Each structure stands twice: as structure tokens, then as C-alpha cells.
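Before any comments, here is the structure.
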Amino acid sequence: MHEILLGVQRGAPVDRVRHAIPPRRVFPALLAEVTEAYYSHPLAREEIGYMGMGDARGWQAMGLNELDAREPRPVVVPRNVPTSRAAVS
């Protein structure tokens with residue numbers, strides 16, 4: 001798949017690129033390449049809450065549902081709290 005993407009980038013003829021891989025494999029292979037490229041960026045990883053490998057130096061909380069000191073805490077919204085002044089009156 002990498003060769004196909006390079007061919008597209010270089011402006012290779014469409015027919016040559018299109019026939020280089022079986023059609024039923026194009027989408028899964030392209031999806032894997034695009035996903036890997038997207039999530040290789042630190043901001044994309046932060047967006048999904050990925051903090052790095054679990055065996056990174058300095059990790060202390062390794063139990064189920066435990067958060068390390070540097071990890072964000074979930075926001076808890078209390079129930080039955082009015083969200084506007086109109087709801088209070």
C-alpha cells in the first residue's frame with residue numbers, strides 16, 4: 001500500500017495505481033495507513049486520552065481504573081442541577 005500512496009503522490013497514471021492492489025484490499029489498507037499517520041501526531045493521541053505506553057518510566061498507578069498523577073480526571077456532572085435561570089423559577 002505504501003508504494004501505491006507514493007505513486008499517487010508522484011502523479012503516476014491512475015490506471016497503474018488503481019490496478020496495483022486488489023479492490024477489496026484497498027479500503028482496509030488505506031484505512032490502516034491513514035489511521036497510523038493521523039494517530040502518530042501527539043495532539044491526536046491527546047484527543048483520545050492516550051498517555052503513552054503503560055510501562056513508561058514514572059507510571060505509578062498501574063491498577064484497573066487507577067489514574068496516574070499526570071492523567072486528567074473525569075468531569076463529574078451532578079444530577080438534578082438546574083442548567084439555566086429559567087429552570088430555577
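Quick rundown of the values:
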{"quantity": "The lone exception for Pro82 - which of (1) exposed (fewer than 10 other Cβ atoms within 10 Å of the Cβ); (2) modelled with pLDDT under 80; (3) part of a helix (DSSP H, G or I) it fails", "calculated": "(3)"}
{"quantity": "Single residue of Arg57, Arg25, Arg70 found to be charged (D, E, K, R) and at pLDDT below 70", "calculated": "Arg57"}
{"quantity": "Single residue of Val34, Val17 found to be at pLDDT 80 or above, of a type in the set (Val, Ile, Thr), surrounded by 11 or more Cβ atoms within 10 Å (Cβ to Cβ) and out of contact with any strand residue (DSSP E or B) (no Cβ under 6 Å at 6 or more places or on another chain)", "calculated": "Val34"}
{"quantity": "Failed condition for Val77, given (1) outside any helix (DSSP H, G or I); (2) at pLDDT 75 or above; (3) loosely packed, with under 11 Cβ neighbours inside 10 Å; (4) within 17 Å of the chain's Cα centre (by Cα)", "calculated": "(4)"}
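The values are calculated or read from the model by the stated rules, or taken from the named source; none is laboratory data. All of these numbers come straight from a predicted model, not from anything done at the bench. Quick reminder, even Gly has a Cβ in these numbers, built from the backbone with ideal geometry, and neighbours come from all protein chains shown.
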